[in-house]
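Remarks on the structure that follows.
The values are calculated or read from the model by the stated rules, or taken from the named source; none is laboratory data. The structure displayed is predicted, hence computed values, not measured ones. Positions of Cβ are backbone-derived with ideal geometry, glycine not excepted, and every protein chain shown enters the neighbour counts.
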Amino acid sequence: MSFVSLTEMSVPSNVVESPLARPLKELRGVGTEREAQLARLGLFTVGDLLLHRPRRYEDRRYFRNIAELQLDEASTTRGTIVALGLKRFKKGMRSVFEIILDDGTGRLHCRWWNLPFMQNYFAQGDEVFVFGKLNSLKPRTIDHPETEVIYGGEESSIHINRIAPIYPLTEGMPQRWIRSFIHRTLGEFEKEIVEPWPKLCEETQGVAASFRLRDYGLTSKERPEAQGYKELPSKANALHMVHFPEAIGDIELARRRLALDEFIELQREIQLRRKRFELKAQSRPCAGDNHFIKPFLAKLGFTLTEAQTKVLRELRKDMGGAHPMRRLLQGDVGSGKTVVSACCALMALESGYNVALMAPTEILAEQHLQNFRRWFEPLGIRVIMQTGSQKSVRADKTAGPMLPEVAESTSHQLTMAIGTHALIEDGFALNHLGLVIIDEQHKFGVTQREKLLRKGNYPHLLVMTATPIPRTLGLTLYGELDVSTIDELPTGRGRIKTFVRTADKLPKVWAFIREKLAEGRQAYVVYPRVEESGPTGLKAVTKEFENLKSLLAPYRIGLLHGRLKAAEKELVMTGFRKNQVNILLATPLIEVGVDVPNATIMVIENSEQFGLAQLHQLRGRIGRGAHDSFCILIAAVKNAEARQRLQVLEETNDGFRIAEADLKIRGPGELLGQQQSGLPNFKFGNLAEDLALIRLARDLAPESGL
Ligand code: ADP
Ligand code: MG
């Protein structure tokens, strides 16, 4: 999916040649050097500049006296330079530049290490604003503070005695300059800032003083979130308030208004795309008639949970609907998504169509292959494999014909193709593709999903994820997908207890593991990524392997990491599944999908290096059988902050709560994985906080004049 850029957003869509589209280089005071600097900040037009968001504000109406400054507390102060100088040492290789300020209450030393050019910016007698944290009291010192020299004159009202915006800068651009530039440009172009969604506003006479949402029933009891958003500043006012607020409260009001614009723009895009899709995409009837599903469920060995059944009803409705299904299935780890996807596949197969299932790793694809063979082959359905290392069905006599025949196949042998990224390569084709299933879809990019879909003619799409998606992301990033949720785990599962321990407790941990191994259980020991940390990381895990072998002898340990060949990986996994290997030492490779119910212990070393959602995924490998499970997160002794973060996992097994915590702490990019492209880049919107605004935007988008 593609998102509108903010540059486009700043230009109202109903105006062709908006003055806000004017290039900054045409403005007074912008020569080639400034133009290049502005470009580095992504600022090309007046519209861009007006949306350049301050990174913080400084209330320059009130100051701390120098005498009142506290250790380790960021604050703003001001003073006059009474002394300054540059010292060089280590044969001129190193330097420290220092200014000493006095404000009548005390003296403050500001130092810059190895930045000798700083001396060009200050002179004795200058008055200076300083923002930073004291790092010592005697004498009062701040290293590398942010500073701004105070000039008097007509411009001074822009910079002092007010709440001053502090902008992101680039090399060579002074804070004062951009502040003045924005101030001037705002004044010049104020009249050109029009309401982008006039249909949403109540008519007011003359220039809109406020953006009053018409009453679209948004304040009704069902939508309490609309409260407090009904009256927001006009666009012009919001831009004023975000740059030059008169009160601290203005800043958040303005942010909300500008964020709402971003969200409405995005929702319009999503809803338009959906409309276009529904106009051109004809659906294939794939609801099936139960002739496979009935015997499948009868032999399954357990009954579906209520949540699974509810989701299946939603899927069946989509599969028989007028437009191809576009659905996201989310369910916490272990909630039983695979069986649901199998039923969905059977609906398509019953209807005479083939199905493709893509998984992010070979291990997972292999696991699916085993399950689907066991389930589907008795029904006469061929199950084939397509991975990087396995381009055809293995020499398995029950498996039916080889893949090359599939590509050219005109016969109607019903086929379920399972694979990794190899499925989207040009060499792979599957006739009569009725349904595409993508497992652990957050590991794939949007383009990969689209590529697989293009192997058919508007097939149905089911994407699955065990990373619970906070609702804000569901409505934005996945806005064009319908969402089903399995919100219940199968019964009869043992509990998972989670403990955060420091590395010095490891001997106790190993003793505990020996106890559990003696009872017949199995364990995972997870070590952070080898793949990405180069040969030294690999060494670490191999060394750890030797170490564990002696620590846990005579139990058998298998080693699993991304550098192994597929066949080697499969050998280790098979051993582990059969409990011939008791302990699996692995990289986060096993994060997704692996299902070995007898494994009830998981130790994660250096756990502070992982995100919470990822740890939750890892932990999802245990707690799959009837025995109680134990997850032990080993954290660095020193890192108290990390240990605190990890406590979220001690406290809850609820994937949604964990994902929301992770979204707040690390942002959407980290939560969803690096693969995720098409993440909207909001300047004012905040995906961790703005659920109410996002919902409002979704409801308003159709009213905004699509
Ligand atoms: P995930 O949702 O994480 O992909 P899986 O589909 O791998 O979970 O299911 C986890 C385990 O739960 C599997 O062993 C599966 O057979 C089992 N399972 C699924 N549904 C049920 C159910 N309704 N009752 C009991 N066990 C189930
Ligand atoms: Mg799964």
Please identify the pairs in which a residue from the range 456-468 that is closer than 19 Å to Pro324 by Cβ has its Cβ atom under 7 Å from the Cβ atom of a residue that is within 16 Å of ligand 2 (Cβ to nearest atom) and small (Gly, Ala, Ser), counting only partners at least 6 apart or on another chain. Leu462/Ser341; Met464/Ser341
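Rundown of residues vs (1) away from ligand 2 (no atom under 16 Å from the Cβ); (2) more than 33 Å from the chain's Cα centre (by Cα); (3) crowded, with 20+ Cβ neighbours inside 10 Å, yes/no style:
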position: Gly288; (1), (2), (3): yes, yes, yes
position: Pro324; (1), (2), (3): yes, no, yes
position: Gly331; (1), (2), (3): no, no, yes
position: Cys344; (1), (2), (3): no, no, yes
position: Arg373; (1), (2), (3): yes, yes, yes
position: Pro378; (1), (2), (3): yes, yes, no
position: Met385; (1), (2), (3): yes, no, yes
Within the range 290-309, how many residues turn out to be in a helix (DSSP H, G or I) and more than 28 Å from the chain's Cα centre (by Cα)? 9
Just to be sure before I move on: is Ala322 among the aliphatic types (A, V, I, L, M), in the same structural domain as Thr338 (by TED's automatic domain parsing) and within 16 Å of ligand 1 (Cβ to nearest atom) in the structure I sent? no
Would you point out the residue of the range 40-94, among those that are β-branched (Val, Ile, Thr) and assigned by TED's automatic domain parsing to the domain that holds Pro145, that is surrounded by the most Cβ atoms within 10 Å (Cβ to Cβ)? Thr77
Of the residues in the range 1-33, those that are of a type in the set (Asp, Glu) and at pLDDT below 90 come to Glu8, Glu17
Identify the single condition in (1) farther than 25 Å from Arg64 by Cβ; (2) assigned by TED's automatic domain parsing to the domain that holds Gly85; (3) in contact with a helix residue (DSSP H, G or I) (Cβ under 8 Å, 6 or more places away or on another chain) that Asn114 does not satisfy, given that it satisfies every other one. (3)
Of the conditions (1) crowded, with 24+ Cβ neighbours inside 10 Å; (2) touching a residue at least 60 places away in the same chain (Cβ under 8 Å), Ser351 satisfies every one except a single condition; which number is it? (1)
For Ala640, work out the one condition from (1) under 27 Å from Pro507 (Cα atoms); (2) at pLDDT 80 or above it doesn't fulfil. (2)
Counting only residues that are within 16 Å of ligand 1 (Cβ to nearest atom), within 18 Å of Asp628 (Cβ to Cβ) and hydroxyl-bearing (Ser, Thr, Tyr), how many does the range 485-525 have? 2
Complete set of residues in the range 432-441 that are within 16 Å of ligand 1 (Cβ to nearest atom) and either assigned to a loop (DSSP other than H, G, I, E, B) or free of Cβ contacts under 8 Å to residues at least 12 places away in the same chain (or both): Asp439, Glu440
Output the number of residues of the range 546-584 satisfying the condition of being free of Cβ contacts under 8 Å to residues at least 24 places away in the same chain, over 21 Å from His368 (Cβ atoms) and assigned to a helix (DSSP H, G or I). 4
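Results for (1) more than 27 Å from Gln617 (Cα to Cα); (2) β-branched (Val, Ile, Thr); (3) within 16 Å of ligand 1 (Cβ to nearest atom); (4) at pLDDT 90 or above, shown as yes or no for each residue.
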position	(1), (2), (3), (4)
Gln330	no, no, yes, yes
Ser341	no, no, yes, yes
Cys344	no, no, yes, yes
Leu357	no, no, yes, yes
Gln370	no, no, yes, yes
Gly380	yes, no, no, yes
Ser389	no, no, no, no
When you go through (1) in contact with a Gly (Cβ under 9 Å, 6 or more places away or on another chain); (2) away from ligand 2 (no atom under 16 Å from the Cβ) one by one for Glu362, which number turns out not to apply? (2)
When the residues of the range 21-62 are narrowed to those that are in contact with a Ser or Thr (Cβ under 6 Å, 6 or more places away or on another chain) and among the small types (Gly, Ala, Ser), which ends up nearest to His240 (Cα to Cα)? Gly47
Single unsatisfied condition, Gly334 versus (1) under 14 Å from Ser484 (Cα atoms); (2) within 11 Å of ligand 1 (Cβ to nearest atom): (1)
Just for the range 604-639: of the residues that are within 25 Å of the chain's Cα centre (by Cα), within 16 Å of ligand 2 (Cβ to nearest atom) and in contact (Cβ under 8 Å) with a residue 40 or more places away in the chain, which one is farthest from Pro668 (Cα to Cα)? Ile622
